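Here is the structure we will look at, set down as structure tokens.
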Amino acid sequence: MFNTRDKMKAYDVRPIKSLGQNFLTDSDVVENILDTAELGPEDLVIEIGPGLGIMTDAMAERAGFVCAVEIDKHLMEPLGVIKALHSNVEIINNDILKVDIKKEIVEKYLEPLGLKRIKVVANLPYYITTPIIMSLLEMELPKLEKMVFMVQKEVGQRMTAKPGGKDYGALSVSVKYFSESSIAFIVPPHCFIPQPGVDSCVVKLDIRKEAPFELKDRDYFFKVVKASFSQRRKMLTNSLANASYIGVDRQKVLEALSVMGKDEKIRGETLSPEEFGQLADLLCKKFEN
Ligand code: SAM
């Protein structure tokens with residue numbers, strides 16, 4: 001049985017706050033995460049931030065192979081012990097945002113080991129949750145089927161929010177574009193050491209095999225989404241006209257909204273992801289004659 005406190009003592013691990021080190025202590029939570037990820041022997045798991053290895057250890061029992069990327073060199077000793085216990089574990093000591101995931105992980109382990117799909121599973125460091133999730137989604141890894149993340153509850157609510165509410169924003173639209181998402185369960189602070197100041201939740205993203213709607217220019221769509229939520233209190237027309245990277249004036253936005261049958265005073269949070277797609281296509285100059 002994995003005991004986080006004993007491991008910390010044995011390896012003299014003092015949690016580093018700036019690295020978002022809140023180690024899980026509760027093995028039931030770990031089991032629930034593994035169940036949510038529906039891990040099986042044909043899965044290549046990419047784990048971000050294994051910490052002391054509580055999830056790595058459990059995942060190695062169920063998955064085909066686990067490749068875990070940990071930034072903190074002080075954790076290489078306890079993680080080395082987990083690797084020695086399982087022939088299907090590899091540890092990379094690096095910043096996940098600097099790892100070439102396709103080259104260093106997917107090409108090395110997926111087909112060569114006869115594995116069929118990729119799952120990303122992580123108790124994420126909360127200080128860089130959004131950049132990690134966005135870079136993984138935008139990478140469009142082949143055979144990526146599921147991502148299961150422990151995040152702050154509030155971030156989980158933003159990821160899975162529907163149009164119209166206060167939680168709905170650029171992150172919700174992006175997550176929806178790439179996946180079907182849901183909050184699997186809530187995790188209270190006492191399941192970690194040290195305890196975070198907020199509740200956490202486990203979010204499941206089932207990655208779409210095909211885009212949910214057609215777009216003329218996907219990068220431009222994401223720019224429109226970003227600009228639309230950049231000044232939440234402003235009307236959409238102003239937010240878009242004020243963002244120089246969108247390259248349109250107020251009149252052009254008004255024309256597009258009129259084509260869509262939308263009121264000129266609407267705010268960004270009222271549009272669904274698909275409506276953002278229509279708007280981006282109408283504003284996109286690249287394909288105009
Ligand atoms: N998975 C462990 C657990 O559940 O107990 C630890 C989770 S802890 C919330 C986040 C982990 O991510 C820490 O071990 C931290 O050192 C690591 N980490 C922080 N920033 C990272 C980065 N940029 N790349 C990879 N790992 C990172």
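The values are calculated or read from the model by the stated rules, or taken from the named source; none is laboratory data. All figures in this text were calculated on a predicted structure; none of them were measured in a lab. Heads up, the Cβs are rebuilt from the backbone with ideal geometry, glycines too, and the neighbour counts pull from every protein chain shown. Ligands, DNA and RNA are stripped out before the accessible areas are found, and what is left, the full protein with its side chains, is counted by its heavy atoms. Shrake-Rupley method; radii C 1.70, N 1.55, O 1.52, S 1.80 Å.
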For the stretch 243-289 and the stretch 1-76, what is the centre-to-centre distance using only Cα atoms, to the nearest Å? 44
Quick one: which of 24-32, 142-150 comes out on top by average Cβ neighbours within 10 Å, and what's the full order, highest first? 142-150, 24-32
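Of the trypsin sites (Lys or Arg not before Pro) in the stretch 191-289, which ones lie in a loop per DSSP and count no more than 13 other C-beta atoms within 10 Å?
Working: sites: Lys204, Arg208, Lys209, Lys216, Arg218, Lys223, Lys226, Arg232, Arg233, Lys234, Arg250, Lys252, Lys262, Lys265, Arg267, Lys285, Lys286; in loops: Arg208, Lys209, Lys216, Arg232, Arg233, Lys234, Lys262, Lys265, Arg267, Lys285, Lys286.
Here the trypsin sites (Lys or Arg not before Pro) that fit, given the DSSP loop and packing criteria, are Arg208, Lys209, Arg232, Arg233, Lys265, Lys285, Lys286.
Count charges around Thr237 for me, please; just the other residues with Cβ under 15 Å from its Cβ, Lys/Arg as +1, Asp/Glu as -1. Don't skip to the answer; put the middle values down first.
Working: positive: Arg232, Arg233, Lys234, Arg250, Lys252, Lys262, Lys265, Arg267; negative: Asp249, Glu255, Asp263, Glu264, Glu269, Glu275.
After counting each charged neighbour, the total is +2.
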How high is the FRET efficiency between Leu85 and Ile266 when r is their beta carbon distance and R₀ equals 35 Å, given to the nearest 0.05? 0.05
State the extension gain, in nm to one decimal, for the chain segment bounded by Asn94 and Gln195, taking 0.36 nm per residue of separation less the distance between their alpha-carbons. 33.9 nm
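Tell me, what is the FRET efficiency for Glu275 and Ser182 to the nearest 0.05, using R0 = 22 angstrom and their Cβ-Cβ distance as r?
Values: r = 22 Å, r/R0 = 0.99.
It comes to 0.50.
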What residues qualify as long-range amide H neighbours of Ala184, i.e. H under 5 Å apart, gap of 5 or more or another chain, H built at 1.01 Å from N? Val202, Val203, Lys204
Residue by residue through the stretch 106-121, what is 3J(HN,Hα) from phi via Karplus (6.51 cos²θ - 1.76 cosθ + 1.60, θ = phi - 60°)? Round to whole Hz and write x for glycine and proline. 4, 5, 7, 10, 5, 5, x, 9, x, 8, 9, 8, 10, 10, 9, 10
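For the chain, what does -39500 (n - 2.57) per DSSP helix run (n ≥ 4), summed and divided by total residues, give at 222 nm, in deg cm²/dmol to the nearest 500? Before the final figure, lay out the partial values.
Details: 11 runs with 105 residues, N = 289.
Value at 222 nm, helices only, nearest 500: -10500 deg cm²/dmol.
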Leaving out ligands, DNA and RNA, and with a 1.4 Å probe, what % of the accessible surface on the chain is carbon or sulfur? 48
How much accessible area per residue does the chain have, counting only protein heavy atoms and a probe of 1.4 Å, in square angstrom? 48
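Determine, from the Cβ-Cβ distance of Arg62 and Glu214 and an R0 of 45 Å, the FRET efficiency 1/(1 + (r/R0)^6), rounded to the nearest 0.05. Present the calculation step by step, with values, prior to reporting the outcome.
Details: r = 38 Å, r/R0 = 0.84.
Computed FRET efficiency for Arg62 and Glu214 comes out at 0.75.
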HN-Hα J couplings of the stretch 64-75 from phi, Karplus 6.51/-1.76/1.60, θ = phi - 60°, integer Hz, Gly and Pro as x? x, 8, 10, 10, 10, 10, 10, 7, 8, 5, 5, 8
